[in-house]
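The values are calculated or read from the model by the stated rules, or taken from the named source; none is laboratory data. Source: prediction; values computed, not measured. Reconstructed Cβ throughout: ideal geometry from the backbone, glycine too, with neighbour counts over all protein chains shown.
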Amino acid sequence: MRTPLGRGICFVCLVLSLRVHGARCHVQDGDVSHDTFDLTEQQDSTKVFMGHSKQHEGLHHLRHTRSESNLGHEVVQSLRDHLFSRIHLDLKPWAHSGISLEMVEQVYCSYNTQSFRLQIIDQTMYIVGETREFPFFQTNMKLLLADVWARYEGRLPDVDLVIQFDDWIPPTLNGTHPMCPHQGPIFTATRKAEDWWGVLCPEESHRAPPGWLAYRKLIMRSAERHPWDHRTSKLFFRGGATGTRAEQLGPDFAAVQSPHLDVQLSNPSNHVSLPNQCSNKYLLHMDGNTYSTRLKLLMLCNSTVIKPDSPHQAYWWHLLEPGTHYVPTGRWEPGTASVHLTRLVEELERDQEKAQRVAANGFELVRSVLTFDAVLEYWHRLLMAYSELQTFKPQLHPDAMTLADSILALPAHVQRPFGERTCQICGHVATPEQQGLYESGYYRSLHG
Ligand SMILES: *[C@@H]1O[C@H](CO)[C@@H](O)[C@H](O)[C@H]1NC(C)=O
Ligand SMILES: *[C@@H]1O[C@H](CO)[C@@H](O)[C@H](O)[C@H]1NC(C)=O
């Protein structure tokens, strides 16, 4: 099941119809570098395509880039607009009511899940009530927010909101509390279509070492070093046995590998780094517990990404068109994974043009649209749109600590148990019993 958002636009048509001639563009992008490139030089696709052509002059194979994957400036812009269009859809549930302080307090005081509250007041960011679980996610998100601050300081709105870091968004408690009955928005990296109380935001993985800016480059370099004809004709996968992966692949999977498959659940002895996975023509992507942040990395390999449909959403996944940016696997009967996937690879082996086209489309989408600048811009636009719905002026919360202190202090001075959050308006909404249910994973099992 895919997100129903934005189905109206056909990007292949955009790519084909919006070929721009004669415009000079300055790419505002750290990744593509700040070189000016000239769209009059259509014949030299590398220049248009890569922007910083000098660096790539020695790479002969780049000269043969297919012209339909040379996204011009206007195509990239319209794709970015489509990326950002998700923000208003996610905030729609509060378009009429607005977002009240009670709603933010309800979220802050209801959900004993890993989370913190972000306040921005007079251009200063504050972290409020950071919980103890999964400190890496929270630390990386704080670093990402610091990047947003560094880029947009002076243009940041005052906001007060809650970000959660669990794999699953916790259930709605709409209407359950007498003082704070209305469900507030919960910022989250992933949700399902029906989770209307979740607002998708660019996730902390963009700041996970070595950071999106460098990681993108590392993988793209590796993609360049592996011309298509030198890649294996295998479908490759390494990933933990999270979620239903083991079940989907089936118990016999490892035993019946075909020459076209190198699909293994990770163990300490079979590790292959992401850049090195670019030596394969085909890369399998599977959900983990919910969505997996790895999809963007796999696409940068310029390999054909093959993946089952996913009920999960992330802030950029509405851009993905099955058959254009990846090859959908379709369903398979239990126990037939290896036969099914082998057949799929054999079909692509017979249709290399399609395989390479899908690979290039996926690559180009992530390379041109999902830049670090776009990530920061998404956050900024999201904060702006959110602040417009706030019906209150954010006041510094008693649990607040500046973002700088929060990043630089010892974790023990920053994190606090959920029960120690100051809840002035609603009181702690979650009953001790509810809290116990969160901890036991009860809501997760209901919801995941
Ligand atoms: C991606 O692969 C195609 C061949 O499948 C090749 O023509 C193109 O140059 C590659 N792009 C990059 C940036 O490596
Ligand atoms: C949430 O609850 C309020 C009443 O407390 C109700 O008016 C509103 O329609 C509910 N929202 C949704 C999306 O169910």
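Among the candidates Leu319, Leu284, Leu300, which residue alone is touching a strand residue (DSSP E or B) at 6+ places or on another chain (Cβ under 7 Å) and either outside the structural domain of Asp195 (by TED's automatic domain parsing) or not basic (Lys, Arg) (or both)? So that I can check it myself, show each step before the final result.
Details: Leu319 fails: touching a strand residue (DSSP E or B) at 6+ places or on another chain (Cβ under 7 Å); Leu300 fails: touching a strand residue (DSSP E or B) at 6+ places or on another chain (Cβ under 7 Å).
Residue meeting the stated conditions: Leu284.
If you take the residues in the range 349-387 that are charged (D, E, K, R) and free of Cβ contacts under 8 Å to residues at least 60 places away in the same chain, which one is farthest from ligand 2 (Cβ to nearest atom)? Reasoning before the result, please.
As a first pass, look at the range 349-387 and keep what is charged (D, E, K, R): 349-351, 353-354, 357, 364, 367, 373, 377, 381.
Within this subset, residues satisfying the condition of being free of Cβ contacts under 8 Å to residues at least 60 places away in the same chain are 350-351, 353-354.
On the way: Arg350: 49, Asp351: 45, Glu353: 47, Lys354: 42 Å.
Taking the candidates together, the pick is Arg350.
Looking at the structure I just gave you, is Ser269 in a loop (DSSP other than H, G, I, E, B) and either within 16 Å of ligand 1 (Cβ to nearest atom) or under 30 Å from Gln352 (Cβ atoms) (or both)? It would help to see each step written out before you state the result.
Numbers: in a loop (DSSP other than H, G, I, E, B): yes; either within 16 Å of ligand 1 (Cβ to nearest atom) or under 30 Å from Gln352 (Cβ atoms) (or both): no.
The answer is no for Ser269.
Here's a check for you: in the range 298-311, which residue that is over 15 Å from Thr242 (Cβ atoms) and at pLDDT below 95 is surrounded by the most Cβ atoms within 10 Å (Cβ to Cβ)?
Filtering the range 298-311 for residues that are over 15 Å from Thr242 (Cβ atoms) and at pLDDT below 95, the one surrounded by the most Cβ atoms within 10 Å (Cβ to Cβ) comes out as Pro311.
Name the strands (runs of 3 or more DSSP E) wholly inside the range 181-265 in which the number of residues that are over 24 Å from Asn361 (Cβ atoms) is 1 or more.
Working: elements: 186-188, 198-200, 232-239, 261-265.
Hits in the range 181-265: 186-188, 198-200, 261-265.
Say we look at the range 175-219 and pick out the residues that are in contact with a His (Cβ under 7 Å, 6 or more places away or on another chain) and farther than 22 Å from Asn302 by Cα; which of these is farthest from ligand 1 (Cβ to nearest atom)?
Here the answer is Lys192.
Got a number for residues in the range 310-324 being in a loop (DSSP other than H, G, I, E, B) and under 25 Å from Phe165 (Cβ atoms)? Can you show your working first?
Within the range 310-324, the first condition is being in a loop (DSSP other than H, G, I, E, B), and the residues that meet it are 310-311, 314-316, 320-321, 323-324.
Among the residues that remain, those that are also under 25 Å from Phe165 (Cβ atoms) are: 310-311, 314-316, 320.
So the answer is 6.
Kindly indicate whether Thr290 is β-branched (Val, Ile, Thr) and either surrounded by 22 or more Cβ atoms within 10 Å (Cβ to Cβ) or in a loop (DSSP other than H, G, I, E, B) (or both). Give the derivation first.
Values: β-branched (Val, Ile, Thr): yes; either surrounded by 22 or more Cβ atoms within 10 Å (Cβ to Cβ) or in a loop (DSSP other than H, G, I, E, B) (or both): yes.
In short, yes.
Test each condition in (1) in contact with a Leu (Cβ under 7 Å, 6 or more places away or on another chain); (2) surrounded by fewer than 21 Cβ atoms within 10 Å (Cβ to Cβ) for Gln277 and report the one that comes out false.
Here Gln277 meets the rest and fails (2).
Here are some residues: Leu261, Leu284. Which one is under 16 Å from Val339 (Cα atoms), in contact with a Phe, Trp or Tyr (Cβ under 6 Å, 6 or more places away or on another chain) and at pLDDT 90 or above? Let's see the steps before the verdict.
Details: Leu261 fails: in contact with a Phe, Trp or Tyr (Cβ under 6 Å, 6 or more places away or on another chain).
The unique qualifying residue is Leu284.
Please give the number of the condition Glu133 fails out of (1) farther than 22 Å from Arg381 by Cα; (2) touching a residue at least 40 places away in the same chain (Cβ under 8 Å).
Checking Glu133 against (1) farther than 22 Å from Arg381 by Cα; (2) touching a residue at least 40 places away in the same chain (Cβ under 8 Å), the one that fails is (2).
Consider His226 carefully, then state whether it is over 26 Å from Asn289 (Cβ atoms) and more than 16 Å from ligand 1 (Cβ to nearest atom).
On the way: over 26 Å from Asn289 (Cβ atoms): yes; more than 16 Å from ligand 1 (Cβ to nearest atom): no.
When the stated conditions are applied, His226 does not pass them.
Quickly run through the range 384-414 and pick out the residues that are buried (at least 18 other Cβ atoms within 10 Å of the Cβ) and assigned to a loop (DSSP other than H, G, I, E, B).
Pro394, His397, Asp399
Among the residues of the range 371-388, is any within 16 Å of ligand 1 (Cβ to nearest atom) and β-branched (Val, Ile, Thr)? Steps first, answer last, please.
Step one: list which residues in the range 371-388 are within 16 Å of ligand 1 (Cβ to nearest atom), which gives 371.
Within this subset, residues satisfying the condition of being β-branched (Val, Ile, Thr) are 371.
Yes: the range 371-388 contains one or more residues that are within 16 Å of ligand 1 (Cβ to nearest atom) and β-branched (Val, Ile, Thr).
For the range 325-383, give me each residue that is in a loop (DSSP other than H, G, I, E, B) and not small (Gly, Ala, Ser).
Start the filter on the range 325-383 by keeping residues that are in a loop (DSSP other than H, G, I, E, B), which leaves 325, 329-336, 351, 369-371.
Those that are in a loop (DSSP other than H, G, I, E, B) and not small (Gly, Ala, Ser): His325, Thr329, Arg331, Trp332, Glu333, Pro334, Thr336, Asp351, Val369, Leu370, Thr371.
Condition first: touching a His at 6+ places or on another chain (Cβ under 9 Å) and of a type outside the set (Asp, Glu). Now tell me which residues in the range 345-354 satisfy that.
As a first pass, look at the range 345-354 and keep what is touching a His at 6+ places or on another chain (Cβ under 9 Å): 345-346, 349.
Listed by number, the list holds a single entry, Val345.
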